[in-house]
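Below: one structure, written as structure tokens.
The values are calculated or read from the model by the stated rules, or taken from the named source; none is laboratory data. On a predicted model such as this, the values are computed, not experimentally measured, just so you know. Neighbour counts are summed over all protein chains in view; Cβ atoms, including those assigned to glycine, are modelled from backbone coordinates with ideal geometry.
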């Protein structure tokens with residue numbers, strides 16, 4: 001009898017974990033978006049393995065931020081924008097959603113630039129690949145089902161694991177890898193600027209809005225809290241290991257052959273990384289990774305903005321509604337997708353644009369983390385609020401992360417010193 005009971009409890013826990021699994025993994029796969037991939041690649045090309053340690057340091061920081069998001073979503077049942085409006089008023093809510101809007105535009109430009117870059121690898125004009133991608137993104141979301149969108153997003157994101165194949169095939173020198181990762185040229189403003197871009201590539205406003213709103217849309221409850229934290233922890237580790245794989249691959253190939261090189265197109269990354277895998281296979285593996293990163297991130301950031309704007313303005317906002325039942329929600333999503341595709345269709349230097357977008361995210365960190373911590377102190381039920389030593393750990397890590405991101409962004413842009 002006891003054995004049956006134990007097995008029954010175990011089965012219940014597994015079933016609950018499977019049911020909860022999704023928002024954390026989706027948002028983390030989206031975190032390794034095209035802008036992040038290109039930033040990691042540029043880091044490896046310009047600085048070898050010197051920014052590798054930062055990728056691993058950012059794992060607990062990323063988890064810390066998104067765990068607060070999980071906590072807010074589960075114990076309040078409200079999305080991020082709605083909770084800011086309820087706690088701090090409409091002006092604060094509009095400030096937060098405007099920051100979200102800026103980050104969303106930047107993210108979509110990054111994602112569509114990746115799609116365009118892959119198309120150019122195969123000789124396809126930008127307008128063709130961008131049109132196909134935009135139509136596919138609209139089709140995925142117009143199904144009117146959160147769970148269906150979640151499954152499709154995870155399926156697309158899994159293609160990012162192709163970057164592990166690229167890193168393995170690059171055959172990095174382990175001695176150089178360890179030595180390089182321990183060398184920190186912190187006095188070099190170009191290095192600091194790229195470090196800020198890597199920080200901005202990890203913590204983005206739309207991630208917080210998406211995960212909290214997705215948890216509310218999925219109707220997760222307090223009994224799901226532990227499983228949701230595991231979902232987020234596994235996702236945080238995967239996303240940063242993917243970033244590290246891209247950096248290692250670029251450092252071991254382009255960085256070794258051309259130490260002072262700089263990337264200008266997604267195609268250049270592919271051409272430099274794939275010869276040792278064979279032209280056809282290498283191009284295919286790289287393309288699959290970039291497309292997976294681009295499509296899942298485009299879905300997430302567009303939905304985050306549609307959710308966030310709806311939480312501030314009050315329009316219907318849920319993937320459980322059909323398009324005609326929530327016109328503004330689906331309309332905001334469609335405008336995001338179409339606008340992002342249009343900007344990329346006319347923009348020349350996509351790699352420089354992507355790195356700049358990540359630095360912009362770093363400059364938005366004080367706003368993003370400030371609201372997140374304030375909500376965790378004031379909006380949560382008493383027993384789940386930040387307090388004591390953990391509160392000071394969160395505040396200390398957030399202040400340090402913001403300071404590094406903002407200082408690096410301004411310093412590298414020549415606005416400091």
Inset, instruction - Take the stretch 201-249 and flag every residue that is under 16 Å from the mean Cα position of the chain (by Cα) and in a loop (DSSP other than H, G, I, E, B). - result: 201, 202, 203, 204
Legend entry - Selected residue (only one of 263, 303, 247, 273 is at negative phi, touching a helix residue (DSSP H, G or I) at 6+ places or on another chain (Cβ under 8 Å), at pLDDT below 70 and buried (at least 24 other Cβ atoms within 10 Å of the Cβ)): 273
Inset, instruction - Mind counting the residues in the stretch 174-186 that are at pLDDT 80 or above and part of a loop (DSSP other than H, G, I, E, B)? - result: 4
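Going by the conditions given, is residue 157 without any contact (Cβ under 8 Å) to a residue 60 or more places away in the chain and either part of a loop (DSSP other than H, G, I, E, B) or within 20 Å of residue 218 (Cβ to Cβ) (or both)?
no
Scan the stretch 71-82 for residues that are farther than 24 Å from residue 98 by Cβ and at pLDDT 90 or above and report the count.
3
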Inset, instruction - Within the stretch 250-259, track down each residue that is part of a helix (DSSP H, G or I) and either farther than 12 Å from residue 168 by Cα or modelled with pLDDT under 75 (or both). - result: 251, 254, 255, 256, 257
Inset, instruction - With respect to residue 375, determine if the residue is in a helix (DSSP H, G or I) and at pLDDT below 80. - result: no
Inset, instruction - Considering only the stretch 312-349, state which residues are assigned to a helix (DSSP H, G or I), touching a helix residue (DSSP H, G or I) at 6+ places or on another chain (Cβ under 7 Å), over 18 Å from residue 103 (Cβ atoms) and modelled with pLDDT under 85. - result: 323, 345
Inset, instruction - Would you please name the residue that is nearest to residue 343 (Cα to Cα), looking only at residues in the stretch 120-130 that are surrounded by 20 or more Cβ atoms within 10 Å (Cβ to Cβ) and modelled with pLDDT of 85 or more? - result: 130
Legend entry - Hey, residue 198 surrounded by fewer than 16 Cβ atoms within 10 Å (Cβ to Cβ) and either part of a helix (DSSP H, G or I) or without any contact (Cβ under 8 Å) to a residue 60 or more places away in the chain (or both) or not: no
Legend entry - All helices (runs of 4 or more DSSP H) inside the stretch 73-151 with 3 or more residues being farther than 12 Å from residue 312 by Cβ, touching a residue at least 12 places away in the same chain (Cβ under 8 Å) and touching a helix residue (DSSP H, G or I) at 6+ places or on another chain (Cβ under 6 Å): 90-121, 126-141
